[in-house]
Amino acid sequence: MNNTTSQLPGIFLQRGSDMPMYLQLVQQLRRDILSGKLSSGMRLPSSRALATDLEVSRVTIINAYEQLLSEGYCSAARGSGIFVSDEIPDDLLQVDHRLKPVYSDESEPPAYPAIDFNAGPDMRLFPHAAWARLFQQVWAKPSARLLGRTDAAGWIELRGQIASHLKIWRGITCSPAQIFITSGGAESIELIAQGLFDKRQMIAMEEPGYRSSWQSLERLGFKLQPVEVDENGLDSERLSDCRAAVITPSRQFPLGHTMPLARRLQMLKWACQNNGLIIEDDYDSEYRYRGLPLPALMSLDHDERVIYMGSFAKIFSNSLRLSYFIVPARYVECMNQTISHMGPRAAFLAQPVLARFMQSGAFAAHIRRMRRIYAKRLDSFRAAFNQHLADYMQLYDETGGIHIVAELKDKISAHISDKEFAAKARLNNIALSPLSKYYKTSKKKYGFIFDFTALDIDQVEKSIKALTLLLEKETGNINHALYQ
């Protein structure tokens, strides 16, 4: 196995590992930030310089940096680079490195965790062979159109396939011209805001909600209004003088609540009465395991008030770095001008391949297959959780998606915060995503977001037992049955 080291202290990437190199880099940079080895405010090497240093693709470095930005470990200053965040609490930066790992006698954690509850969709189940065949068909002898000037809005055939998919799966009727391909959700929301909003106008954001979205908007200078959600999502009556609201009605991120029809109609009424816009982030609604999903909010919009955002990262592949958004017809020309001015950012190589994959019916078949597999994994996760962790956390009732939330019980959160425990878990080779980091104000819930889809059924109980053991050690209530 060929290995790669970096001039950054302690960075060691393994070529040929089951874990993609960008995730290896993410895990090691997280470790060095939490340990204080990379200090607050420190400027990280440019993606080009680090790629050269590590002898890897620049895309690998960009993907790693984007992940760290989305998690809040780093911040970006336009034209200045990537910096270690200065908002990480001091108590996390001073974690006790004398803690012994659960599964190892070594004092240092490995490059990536033995148990990862933050892995996202299971990339082992990606249709690699079918994808490789299509890639070969498209690019072995590329057409003149493929080799010509790239449309900044994205490959038109892919935009057409997305329109066909959404009409069937989400009830949305739109033309390919209304669809714009991007490199991710953060870029989508930046383009929408720069093309359609004035920085003097307020934008409402769900709380809790996507960190990457509010960080992107803040970097651009927009004013944000965090609005606390309830079990039905965001309530339009709580909106003040806002130009727009960014919401996740199909499955609120991260809590997972579904916005009922009555409140969706209220949101549309608010937009009409206040000349507002709604940005609907529909990030993983294709994965629903009980009942039928409600139609997308955009499918109910008759007044051109909804902008729809979708992504292939959650439902297909987190390595493609492809997302998209749809604007009402009256905003198409404005968005074309904005995107043409900024130039294309989404990687082009995969776009015609994905278009052909969708056209063949393989994309829909893949989603149906993953639904069956993930539904079984959710049931397995729930059963193991209720058996071992029910005394420590309350598991939310989830019917879809690729993650599930568990809220720490008061007796536990009074003893240790979710961020503190996640830092200690990382030193014990367990990766967790704290719920509280998705809140912008001081009023927070404490718990964890579990990406259950990457765990095989035979891995679930062992993983949850390890987490339970660590919790019991931390709270001084060890259940010796777990050692048996």
(1) at pLDDT below 80; (2) over 24 Å from the mean Cα position of the chain (by Cα); (3) surrounded by fewer than 16 Cβ atoms within 10 Å (Cβ to Cβ) all hold for Ser39 apart from (1)
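Of everything in segment 289-301 that's modelled with pLDDT of 85 or more and assigned to a loop (DSSP other than H, G, I, E, B), which residue is surrounded by the most Cβ atoms within 10 Å (Cβ to Cβ)?
Ala296
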Restricting attention to segment 160-174, does a residue exist that is of a type in the set (S, T, N, Q), part of a loop (DSSP other than H, G, I, E, B) and over 24 Å from the mean Cα position of the chain (by Cα)? yes
Among the residues listed as Glu304, Glu280, Glu286, the single one being assigned to a loop (DSSP other than H, G, I, E, B) and modelled with pLDDT of 95 or more: Glu304
Here are some conditions: (1) at pLDDT below 95; (2) surrounded by 15 or more Cβ atoms within 10 Å (Cβ to Cβ). Val405 meets all but one. Which one does it not meet? (1)
Give the residues of segment 181-235 that are surrounded by 21 or more Cβ atoms within 10 Å (Cβ to Cβ), of a type in the set (Phe, Trp, Tyr) and touching a residue at least 40 places away in the same chain (Cβ under 8 Å), sorted by residue number. Tyr210, Trp214
Wholly within segment 384-484, helices (runs of 4 or more DSSP H) carrying at least 2 residues that are under 23 Å from the mean Cα position of the chain (by Cα): 418-427, 457-475
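Please specify each residue of segment 259-277 satisfying the condition of being over 21 Å from Ile402 (Cβ atoms), under 24 Å from the mean Cα position of the chain (by Cα) and assigned to a loop (DSSP other than H, G, I, E, B).
Pro260
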Six or more apart or on different chains, Cβ atoms under 9 Å: show the pairs whose first residue is in segment 123-138 and exposed (fewer than 14 other Cβ atoms within 10 Å of the Cβ) and whose second is assigned to a helix (DSSP H, G or I). Arg124/Ala454; Gln137/Val353; Gln137/Arg356
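Table: residues versus (1) hydroxyl-bearing (Ser, Thr, Tyr); (2) free of Cβ contacts under 8 Å to residues at least 40 places away in the same chain; (3) crowded, with 17+ Cβ neighbours inside 10 Å; (4) at negative phi.
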residue	(1), (2), (3), (4)
His341	no, yes, no, yes
Arg345	no, no, no, yes
Pro352	no, no, yes, yes
Ala355	no, no, yes, yes
Ala365	no, yes, no, yes
Leu378	no, no, yes, yes
Leu389	no, no, yes, yes
Met393	no, no, yes, yes
Glu398	no, no, yes, yes
Please work out which one of (1) under 22 Å from the mean Cα position of the chain (by Cα); (2) closer than 17 Å to Asp456 by Cβ; (3) among the charged types (D, E, K, R) is the condition Asp379 fails and give its number. (1)
Of all residues in segment 1-36, which are modelled with pLDDT of 65 or more and over 26 Å from the mean Cα position of the chain (by Cα)? Leu8, Gly10
Is it the case that segment 431-440 has a residue that's of a type outside the set (Ser, Thr, Tyr), out of contact with any Phe, Trp or Tyr (no Cβ under 7 Å at 6 or more places or on another chain) and free of Cβ contacts under 8 Å to residues at least 24 places away in the same chain? no
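The values are calculated or read from the model by the stated rules, or taken from the named source; none is laboratory data. This one's a predicted model, so the numbers in the text were calculated from it and none came from an experiment. Neighbour counts are summed over all protein chains in view; Cβ atoms, including those assigned to glycine, are modelled from backbone coordinates with ideal geometry.
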